[in-house]
Amino acid sequence: PWLQVLDALEKKVNRLSYDTWLKPTRFSHSQGNKIFVRVPTPEFRHIGEKYGDLIQEALDSLGLGFEDVEFVTDQAPAEAPMRHDGGFPPQSAAAPAPARVQQARFDWDGAAQLNPKYIFDNFVTGPGNQFAHAASRAVADRPSKTYNPLFLYGGVGMGKTHLMQAIGHTIKRNNPEHSICYVSSEKFTNDMINSVRYDKMTSFRERYRTVDVLLIDDIQFIARKERTQEEFFHTFNALHEQQKQLVIASDRPPKELAEIEDRLRSRFEWGLIADIQPPDLETKVAILQKKAESERTQLPTDVALFIASNIRSNVRELEGALIRLVAYSSLTGGELNLMTAQQVLKNIIDQQTRKVTIESIQKACAEQFGLRIAEIKAKNNSRAIVYPRQIAMYLAKHLTEASLPEIGRQFGGKHHTTVLHSVDKIDEARKSDKDLNRLLNKLTESLSG
Ligand code: ADP
Ligand code: MG
């Protein structure tokens, strides 16, 4: 019934407001004369205030007896129980019920996983991603003829998934007969587990080893999963031998994938490794403008600059800020100007400034252990200092977005493997050392509080 309401509203509400506020809503379930509608964030409850009359009107004209709508956010446990076909009671245990398993098999269509928005045309290049972009283009234009595998790495929200899928779209467009598989390493893992469980390993292997292009995302998640690594190793070899294109994305370079077996890691280095660095200010502004353009919104330059200079580095957050702003001004009918931006984004920006920095960690650890900050940062390796320093590096790894090499730099030029070693050591120690655990919790709390 909600779909019908939406249809009615679509004709009466302007397109931008409709796309912003109504399109993202989903029917959840109904109870009595009430419809429950799922919305992405609590801000959407304003829908009721703004469109209440129109919704009422639509409900009335439906004549199905629904009188009220309640909006629930995704966090609420509002998932309706699945309805059984034709209202029959659930099948008894004696009835054959392999439908699920079968379906999982026919669901296979790796390319269907591609997001239509993630194309090269929508990707803004700048100094931080130029190299990765160029490499991706090369692979997309001449699959299996340039770099194989292409290994992309970079922090969260830097555009790895976007680039990888853009490769998929381009290859598909140029070679419609190619089968393209985009899969996260988590999905690969789950697929494998299910296949083992239902005795379908043969079809699992056939599926993954016969694609023309395998795009595997967030490979870091196969760390410590030996069986998955083994399987992926063979998938990799089979595809590579047949000269099928592989693209791998990761949050860190192969050599930092410490818990992935060497033979896999070394294969990741066979082709080309391209990193993506956070965008600079100009690139951020350009991304915002591109995004606004695709939303058909006017984004004044000063507003774009304001967002870009206040949101640190993550492109996803950048987009989130813009969407929020656009939604706000379309809902209130207000103009999208600097003042609105400052107001609306205040929370997001405050949160950012509360983010923990390496300096603040060094300061807190120095205080905790009665040392000077310079001692924590220096090269001195006396025992009284090594331990606090390891703790500080551990916290830096967990509380900031700094990479291992960056942390190393800020601690007197340590090699990133030294940093990794410290992080692992503290990680291990905290499992059994209650005092250490408490200390870490305390420091974490005071730093991010
Ligand atoms: P990652 O996989 O590295 O975490 P994503 O590819 O998911 O990051 O990107 C996060 C969001 O930011 C996506 O919506 C993506 O379209 C957008 N994005 C990232 N980089 C760019 C860019 N250079 N130009 C345009 N959009 C970008
Ligand atoms: Mg991603």
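Structural remarks
- Rh (Kirkwood; distinct C-alpha pairs) - the stretch 223-324, Å: 16.6 Å
- Added length on full extension, which subtracts the Cα-Cα distance from 0.36 nm per residue, Leu54 to His234: 59.0 nm
- Percent carbon-and-sulfur accessible area, the chain, ignoring ligands, DNA and RNA, probe 1.4 Å: 50 percent
- Charge dipole (the stretch 348-409, unit charges on Cβ, about Cα centre) - positive-most of Leu371, Leu395, Ile348: Leu371
- Label-point separation, Asn441 to Asn175 (7 Å along Cα→Cβ), nm: 5.5 nm
- Shape of the stretch 177-223, Cα gyration tensor, a/c cut at 1.5: oblate
- Equivalent ellipsoid, the stretch 168-272 (semi-axes from 5 times Cα gyration tensor eigenvalues, Å): 21, 18, 12
- Excluding ligands, DNA and RNA, the accessible surface per residue across the chain is 54 Å² with a 1.4 Å probe.
- Dipole magnitude (debye, nearest 20) for the stretch 210-328, charges at Cβ of Lys, Arg, Asp, Glu: 220 debye
- Unit charges on C-beta of K, R, D, E only; dipole of the stretch 322-449, Debye: 360 debye
- Tail beyond 27 Å, pair distance distribution of the chain (Cα, percent): 67 percent
- Highest-first arrangement of 328-334, 254-260, 60-66, where packing means the average Cβ count within 10 Å: 254-260, 328-334, 60-66
- Label zone at Ala384, where the point sits 7 Å out along the Cα-to-Cβ direction: the stretch 409-433 residues whose backbone N lies under 15 Å: none
- Extreme residue, positive dipole direction of the chain, given options Asn115, Trp270, Gln243 (C-beta unit charges): Trp270
- A crude spin-label estimate for the pair Ile323 and Glu186, with each label 7 Å from Cα along the Cβ direction, gives 1.7 nm.
- Qualifying trypsin sites (Lys or Arg not before Pro) in the stretch 343-405, DSSP loop, other Cβ atoms within 10 Å at most 13: Arg354, Lys355, Arg372, Lys379
- Summary of the geometry: the stretch 137-181 and the stretch 391-449, compared by the centres of their Cα atoms, lie 35 Å apart.
- For the chain, size of Cβ-based charge dipole, Lys and Arg +1, Asp and Glu -1, in debye: 1220 debye
- One decimal place: the segment Glu226-Gln243 gains 3.6 nm when fully extended, by the rule 0.36 nm per residue minus the C-alpha distance.
- Volume in Å³ per residue [convex hull over Cα atoms, computed for the stretch 196-245]: 80 Å³
- The orientation-averaged projected area of the convex hull spanned by the Cα atoms of the stretch 338-442 comes to 8.0 nm².
- With the convex hull drawn around the C-alpha atoms of the stretch 273-421, the volume per residue stands at 129 Å³.
- Estimated at 0.36 nm per residue, the fully extended path between Lys117 and Glu10 surpasses their Cα-Cα distance by 36.2 nm.
The values are calculated or read from the model by the stated rules, or taken from the named source; none is laboratory data. Everything numeric in this text was worked out from a predicted model, so none of it was measured. All Cβ positions, glycine included, derive from the backbone under ideal geometry; neighbour counts span all protein chains shown. Please note that ligands, DNA and RNA were not included when accessible areas were found on the heavy atoms of the full protein model with its side chains. Shrake-Rupley method; radii C 1.70, N 1.55, O 1.52, S 1.80 Å.
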